[in-house]
Every structure is written in structure tokens, then in C-alpha cells.
Amino acid sequence: MSRRKLNLNGLKAFECAARHLSFKRAADELMVTHTAISYHVRQLEESLGVRLFERGPNGIELTTSGTDLYPRIKIAFDGIVSALDEMPKFSAKSVLKVSTTPSFASRWLVPRLRSWRDVHGGSIDVHLTPTLRMVDLMHNEADVAIRCGVPPWPGLVTHELLSIHITPVCSSHYLTKIGKLHRPADLLDCALLHADVGQNSIGTEWHTWFEAANVTAQKRLPGMSFKDPALAWQAAINGVGYAIGYLELVKADLESGQLVTAFDLTVRHPFSYYIAYPATRKSDPRIAQFLKWTMLEARRDRASGKPTGRFQPGNRREPATSRKRRSTPQSVHSPQADSNDLEISRQIRSYKKA
């Protein structure tokens, strides 16, 4: 068949309908009517002389010919999209769509965007979408994402940006109200705030820290729960109770005194923050510049040291069991904090049950 006779509308309708196995969903994606999809597919079938779908009362199914044609057409369309994405941008100003969690956006990324503007002079505008949903980078919902979790993610290139270290935090007001704590187990008598991260069970982060502190806690911990960690931290700032703070993200709150730490014990979280983008976009200069900038900002953070905040009076002295545990690689004060692969792997498995 000559290129002049290619039925591009029919091929586009077929690829989309075959991917969804639904004319209706294909119509929704391409923003046309169901009738238009059916018409274009039938025109393609007539030009090829074969049936591509079996139509039935319960929907559509690919025929043998359709099953053979679909992956080839999909590869061809993906190639066109990749070629267009990788073309140099000749406009004076380009846009980079960035997706990340609301907590990372508000506590880490947004406060540093002035540096991005200083470096790039407004030539690349960041369009930021904070969401708890893992956006589909393979279908261009965003150009690049900063994800919290454990890779690999299919089809994506990842670079570790920030590790996460956790410790209980509260406001100075709440501290004054309840008085100082003498041992980690005293936290069980306080109001605990939970961040419902991903599909993990509520209280998972608290259990991770309690285990490192050699505290036995009941499986189901009481307390308020928030879908985003930043909401739990804000509740802690407002004096509602203790939250599990991510030291890398609550640094400013600790330094300003809005938050104080409970005990001088920090634990490596099984998750980290990663820069992620499609492998097909490796040569995109916008992504390359964003990656270089974020990695530099993260290195500056590490060079400045982790925030220590203000500890509760008397809480530097921990019980003997806690001091013993702090000599293990879980404590960030140990030089082997990031090398305890066995312990981190065990924690990761507990986080990935869901």
C-alpha cells in the first residue's frame, strides 16, 4: 500500500479502540463520537479487506488479523510521538510539566524554584502538578515526576534524589502542654498523627520508628490519619499531636522552632524520592536540565547536614535499650546507616504488602 492511500484516521481509531477494547473509551480519549470511531474502523477494514474486530453484545474483541496488526501500529505511533517529543524546541520559551506529591512540592520543590528561575532566566517554565496519584508518564501526563517509593517502574529511568529519615515531631505548644517525655515508649500515651502513605496500613511509619527505638507497640495505633504527610505535619505544628517527620522536608520547620523532635533517634525510611521520566525521553534537554538542577539542590542539602531542630529538655538521655539500638545501622548517626541492605529490604517488604 502506498503512503498516499494510508487511512491515518482509521489507523488512529483502530489503535485506540484496540488498546482499550472499547469504541466508547476510544471515542472519549480522541474526543469524538462513538459513531465516528466505528465509521473510521469500518473504513479501515474495507480498505484492508479484513475484519479487525468482532462486534458482540458484550463489546468488541480483536480478530486474528486485528491481534496481528495492533502491536505494529502501536509501535509506529509510539515512534512518531517519541520523534516529535525529541525534536529541539525552537521557541524562545518552553514548558516542562512536573508531577510530584503535594508534600514534596510545598516543602522542598517550590521553595527552591527561585533558584531555577535564576539559573534558566525564565527560558523553561515549570508547570507543577501536585498529586497523590502516580501519573502516567508513558502517555505524556507529565514530562518528569518526582516519586516517593521504590523503583523500578516499567519504562522509566530513575535517579535517586533524596533519601528519607524519619523521627517524631510536635509543636513547642504541644510539648509544653504534655510535658517532657523520658523514654520513647511514652509516645504511646500521646496523640499520634498518621500519614496514610500510598496503600500502606495506617501506622506503618510509626511502627518503623518504634521498632528502631525498641518499643513494642500494638498493631493498630489510634490517632488521626491524613492522606498527605504535609497535612500531618501541619496538624503537629498546630498542636494536635506527634507526627512522623521527614527530616529532609521539615528542615525549615525545625530550624524555625515550629516543630521540635522527640528523641535523638532518626531512622532510614524504606522509601526515597526519585526523579523519573520515560526512557524514550532521555535526550530531552528540558528534562536533562531539570535533573541536573534538582540533583545539585539535593547535594547542597546533604552538604549542609541534616537538621537537628530543638530537642525536648531531658530527652537526649534515652533508656539503655534505645541507646543499644542506636548503635545499629538504622540510626543516621551510624556511619553504616545506608549500607544495612538486609534491614532496609525487610522494611521495604513490609511497605510493599499492599
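Read-outs throughout are calculated quantities, based only on the coordinates presented, and are distinct from any laboratory measurement. Since the model is a prediction, treat every value here as computed from it, not as a measurement. Ideal geometry is used to build each Cβ from the backbone, glycine not excepted, and the neighbour counts take in all protein chains shown.
Take residue 280 and decide whether it is in a helix (DSSP H, G or I), in contact (Cβ under 8 Å) with a residue 40 or more places away in the chain, surrounded by fewer than 20 Cβ atoms within 10 Å (Cβ to Cβ) and under 24 Å from the mean Cα position of the chain (by Cα). Give the steps one after another, and end with the answer.
Values: in a helix (DSSP H, G or I): yes; in contact (Cβ under 8 Å) with a residue 40 or more places away in the chain: yes; surrounded by fewer than 20 Cβ atoms within 10 Å (Cβ to Cβ): yes; under 24 Å from the mean Cα position of the chain (by Cα): yes.
It is true that residue 280 is in a helix (DSSP H, G or I), in contact (Cβ under 8 Å) with a residue 40 or more places away in the chain, surrounded by fewer than 20 Cβ atoms within 10 Å (Cβ to Cβ) and under 24 Å from the mean Cα position of the chain (by Cα).
Could you check how many residues of segment 106-129 are closer than 17 Å to residue 296 by Cα and of a type in the set (Gly, Ala, Ser)?
1
Considering only residues of segment 127-153 that are without any contact (Cβ under 8 Å) to a residue 40 or more places away in the chain and in a strand (DSSP E or B), which is farthest from residue 272 (Cα to Cα)?
Only one residue tops the list, namely 127.
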